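Engineer: The structure that follows is given in the form of structure tokens.
What follows draws every value from the coordinates through simple rules; no lab data is involved. Because the structure is predicted, anything quoted here is derived from the model rather than measured. Glycine gets a Cβ as well: all are built from the backbone with ideal geometry, and neighbour counts include every protein chain shown.
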Amino acid sequence: MSRHQLELLIEKADTAINQEDFDTLIDIYSEDAVLVIKSGMNAVGKDQIKKAFEAIAAHFEHSLEVNQAGMKILETEDTALVLAKTLVSANNQPVVERKATYVFKKDKGKGWLCVIDNSYGHDLLEENT
């Protein structure tokens, strides 16, 4: 069975994050995308998102590793919700499992683009995320 386009795109994003290839990474986002940095703090738009990932890499001492351990994709025409079990680790942090939520929109010229990147998922409902 072939893998869904979004699985491959998320894998590409994870590789770009792990390799700190932020130019490749930013191409996966829409112009007005939202990245949840932490509860109450978002980066909006490609410029802010790229700067956020650069700061995140520095925070994790340039050793951040992001991988997916499973996902479900709910898709309708030009919109998809991805529920993922995301594993995040770094030299200065043990492996943490997050139940991430991603929203993608299909652009006629560019294919699927991430419009909401929320690696915390429902944990945002908790006050101390």
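Engineer: So what is the 222 nm mean residue ellipticity for the chain from helices alone, if each DSSP H run of at least 4 adds -39500 (n - 2.57) and you divide by all residues, rounding to the nearest 500 deg cm²/dmol?
Structural biologist: Working: 3 runs with 33 residues, N = 129.
Computed ellipticity for the chain at 222 nm equals -7500 deg cm²/dmol.
Engineer: Here is a follow-up. When only Cα pairs under 8 Å and 6 or more residues apart are kept, what is the percent relative contact order across segment 78-129?
Structural biologist: It rounds to 31 percent for segment 78-129.
Engineer: Restricting to Cα pairs below 8 Å that are 6+ residues apart, what does the relative contact order work out to for the chain? Please round to a whole percent.
Structural biologist: Reported relative contact order: 22 percent.
Engineer: Can you list which of the trypsin sites (Lys or Arg not before Pro) found in segment 88-129 are DSSP loop residues with at most 14 other C-beta atoms within 10 Å?
Structural biologist: Those that pass, being in a loop and sparsely packed, are 108, 110.
Engineer: Now for a separate question. Relative to the longest principal Cα axis of the chain, at what angle does helix 46-59 sit, 0 to 90 degrees, rounded to 10?
Structural biologist: Roughly 30 degrees between the two axes.
Engineer: By DSSP, what percent of the beta bridges with both residues in segment 5-125 are antiparallel, rounded to the nearest 5? Before the final figure, lay out the partial values.
Structural biologist: Numbers: 32 of 35 bridges.
Bridges in segment 5-125 that DSSP calls antiparallel: roughly 90 percent.
Engineer: How big is the chain by Rg and Dmax over its Cα atoms, in Å?
Structural biologist: When restricted to the Cα atoms of the chain, Rg and Dmax are 13.9, 41 Å.
Engineer: So what's Rg/Rh here for segment 1-52, counting alpha carbon atoms and using the Kirkwood radius for Rh? Before the final figure, lay out each step's value.
Structural biologist: Numbers: Rg = 12.0 Å, Rh = 11.8 Å.
My calculation puts Rg/Rh at 1.02.
Engineer: Local charge sum around residue 60 (other residues, Cβ-Cβ under 15 Å, Lys/Arg +1, Asp/Glu -1)?
Structural biologist: -3
Engineer: Further question on the same structure: Let me know the longest stretch in the chain that avoids all GluC sites (Glu not before Pro) found in a DSSP loop with at most 10 other C-beta atoms within 10 Å. Before the final figure, lay out each step's value.
Structural biologist: Working: sites that count: 77, 126, 127.
That would be 1-76.
Engineer: Something else: How big is the C-alpha Rg of segment 57-129 next to the rule-of-thumb value 2.2 N^0.38 Å, as a ratio?
Structural biologist: Normalised Rg, Cα atoms only: 1.26.
Engineer: Continuing with the same structure: Kindly flag which residue pairs out of 38/85; 12/50; 51/85; 51/99; 85/108 have an alpha-carbon separation exceeding 21 Å in this structure.
Structural biologist: From 38/85; 12/50; 51/85; 51/99; 85/108, over 21 Å: 51/85; 51/99; 85/108.
Engineer: Rounded to the nearest 10 degrees, what's the angle between the helix 5-18 long axis and the longest principal axis of the chain, both from Cα atoms, 0 to 90?
Structural biologist: 20
Engineer: Which value, in debye to the nearest 20, describes the size of the charge dipole of segment 9-101 about its Cα centre when Lys and Arg Cβ atoms bear +1, Asp and Glu Cβ atoms bear -1, and nothing else is charged?
Structural biologist: Numbers: 9 positive and 16 negative charges, 95 e Å.
Dipole of segment 9-101, to the nearest 20 debye: 460 debye.
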